[in-house]
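The values are calculated or read from the model by the stated rules, or taken from the named source; none is laboratory data. Computed from a predicted model, the values in this text were never measured in an experiment. Cβ placement follows ideal geometry from the backbone for every residue including glycine, while neighbour counts extend to all protein chains displayed. Each accessible area value is taken on the protein alone, full model and side chains, heavy atoms only, with ligands, DNA and RNA left out. Shrake-Rupley method; radii C 1.70, N 1.55, O 1.52, S 1.80 Å.
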Amino acid sequence: MNFTDLLTPVLFGQILLDGLSVSSIYILIALGFTLLFGIMRVVNFAHGEFAMLGGFALYCLWGQFKLPFIVAVPLAGLVVAAGSLVLEQTVFRFFYQKMFQSMIGLLGLSTVMMYSAMILWGEQERQIPPAFTDTLEFGASLFGENLLLPVDRLVMFGISLTTLAAFYLLIMHTRIGLAMRAAAEDVEVAEAMGIRTRVVYRQAFAVAIFMTAIAGALYGQIYFLSFQMGDQPLLKAFIVVILGGMGSIPGAALGGLILGMGEVFLSTLFGPSVSNFVSFGGVIAILICRPWGLLGKPE
Amino acid sequence: MSLLTIDQLEVRYGPIYGTHSVSLTLDAGETVALVGSNGAGKSSTLKAIMGIAPVARGTITLDGKSLLGVRPADVVRRGLGYSPEGRRVFGQLSVRENLEVGGIIIDKASMRQRMEQMFGYFPRLRERASQRAGSLSGGEQQMLAIGRALMSRPRVFLLDEPSLGLAPIVVERIGEIIAEVQKAEGLAVILAEQNAVWALAIAHRAVILELGHIAVQGSAEAMRADPQVQRAFLGLE
């Protein structure tokens, strides 16, 4: 079979659209992960569980309370972020600036959260009901064939893009973001300039979990909901962040785009096992040639 | 009463001593040089004032109120500005953003005005305002570190090793700027320096530290003339 025959303009466009929406979710998850590492030096092995909580929060707010979808998703993020501050006070803050201890400690927290979820919500997989079932069709005059665009995906992409834009504005154009960037670079000097690092840590934590929970909610809607669903988001965050560079915000964006696009491309054309093989192969190659990632800096 | 008083300060990092016993006073509008070789306790003294280094014994008071146990972020709010050894500007941030971090405790309107003042003192920083601080030369980074510390309008300015690795002409310029700011704002300065000749030239008083103790202190003028100081610290015969 000829490769160029397979890759028609329509299929290409389809892959591009799917790839973008998957990428935007990966970027959200990875940004949270990289923010926690960049500022507080914690490797959040419980990251996937916060994504899971986002999924269950959406299940409640949208599936059960029937709130409008575009209200329910950000609200799910807020609820999880607010609740996570309890864990920040009781667990996370003791691991700040202690990278290796944080890995072990948060791996433990991950297990606790996962099985607490099992006790609370049971073992069965659930489905978050779809928000929209329509499909847009367009482009027939251009390609001779229609591009299919599920409205569902479009809304999700819109939500994650809006969240990313809000994050960018927060980081680049507010005092809170400035304090976070300064603290990420040199905590001691930042504190000596009047930045209350405890406050900055808490804000960064809430922002990171907010983004992760939103991504988890969308992820849970695309795939399924279960107490174990956190594994995949954590894995993706890890790959993206290693690709882009630990602690690098542009790196997370680039890494998420590469992984999302790559996955959709490869799994559409060659199947999911090839896609997994290549993305992990890519991570190994990066770790060998450029251990600090594409946009990270050597330590 | 002095603005800042340090009495028998002992700084200890676990078993390692930063200083054994350092005492000094600082009044508004004056510059005190803290002179000594590497490891004499200059940086430890400044860090202890900022609340960064652990104080084992002794007292530090500002306006008669103790600074011990106050977190660095709140020490800044009490009126201290700090320019650390090695400059430590935020290399990923722009020059303007570095200054904004320095002024994070003042409101937005005074921020703009204060930044204009800083650009007045350091015209080079205005030219490079949107450049990444990491791309500046050593001298420019030192100017930025000073400007960043002054953004919060401190009454006491702690300046650690500003001359390190800089060309003599840049060092001289830094001395002029310190004098200029001091004259305009009544700033009190503690200048920690290895370059004793320069420090004694721009300071009013000086404290010479040796291994965490005070070796000599007095007016800078008297010290410049003291044959013993000349031999031991100024490298003159």
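Okay, here's what the table says:
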| quantity | calculated |
| --- | --- |
| Proximal lysines to residue B:42, defined as alpha-carbon separation beneath 24 angstrom and excluding residues fewer than eight positions away on the same chain | B:65 |
| Semi-axis lengths (Å, descending) of the ellipsoid that matches the C-alpha gyration tensor of region B:95-169 | 20, 15, 10 |
| Probe 1.4 Å - accessible area at residue B:172, Å² to nearest ten | 110 |
| Region B:106-147 residues near the modelled residue B:185 label - backbone nitrogen below 13 Å, point 7 Å along Cα→Cβ | B:106, B:111-122, B:144-147 |
| Heavy-atom accessible area ranking, 1.4 Å probe, most first, across A:277, A:138 | A:277, A:138 |
| Probe 1.4 Å - accessible area at residue B:130, Å² to nearest ten | 110 |
| Solvent-accessible area of residue B:204 with every protein chain in place, 1.4 Å probe, in Å² to the nearest 10 | 90 |
| Region B:117-237 pair-distance distribution - Cα-Cα, 5 Å bins, rounded % | 2, 10, 20, 21, 19, 13, 8, 5, 2, 0 |
| Cα→Cβ-extended label distance, 7 Å offset, between residue A:94 and residue B:65, nm | 3.4 |
| Unit Cα scatterers, Debye sum, region A:157-299: log10 I(q)/I(0) for q = 0.08, 0.17 Å⁻¹ | -0.27, -1.09 |
| Relative counts (whole %) of C-alpha pair distances in region A:121-170, using bins that are 10 Å wide | 21, 27, 31, 18, 4 |
| For B:96-103, mean number of other protein chain Cβ atoms within 10 Å | 4 |
| log₁₀ of I(q)/I(0) at q = 0.13, 0.15, 0.26, 0.28 Å⁻¹ - region A:2-61, Debye sum with one point per alpha carbon | -0.56, -0.66, -1.05, -1.10 |
| Extension gain from residue B:112 to residue B:201, taking 0.36 nm per residue of separation minus the Cα-Cα distance | 28.7 nm |
| Net length gained if the chain between residue B:153 and residue B:210 were fully extended (0.36 nm per residue, minus Cα distance) | 17.3 nm |
| At R0 = 56 Å, FRET efficiency that the Cβ-Cβ distance of residue A:277 and residue B:78 yields, to 0.05 | 0.40 |
| Calculated P(r) tail over 18 Å for region A:216-266, as whole % of Cα pairs | 37 |
| Principal axis box of chain B, alpha-carbon based, largest edge first, Å | 47, 42, 34 |
| Translational diffusion coefficient (Stokes-Einstein; Kirkwood radius from C-alpha pairs) of chain A at 4 °C, 1.567 mPa s, in µm²/s | 65 |
| Per-residue average of Cβ from other chains inside 10 Å of A:192-203 | 6 |
| The protein assembly as shown pair-distance distribution - Cα-Cα, 10 Å bins, rounded % | 4, 16, 22, 20, 15, 11, 7, 3, 1, 0 |
| Peptide B:71-82, shielding by other chains (average Cβ, 10 Å cutoff) | 4 |
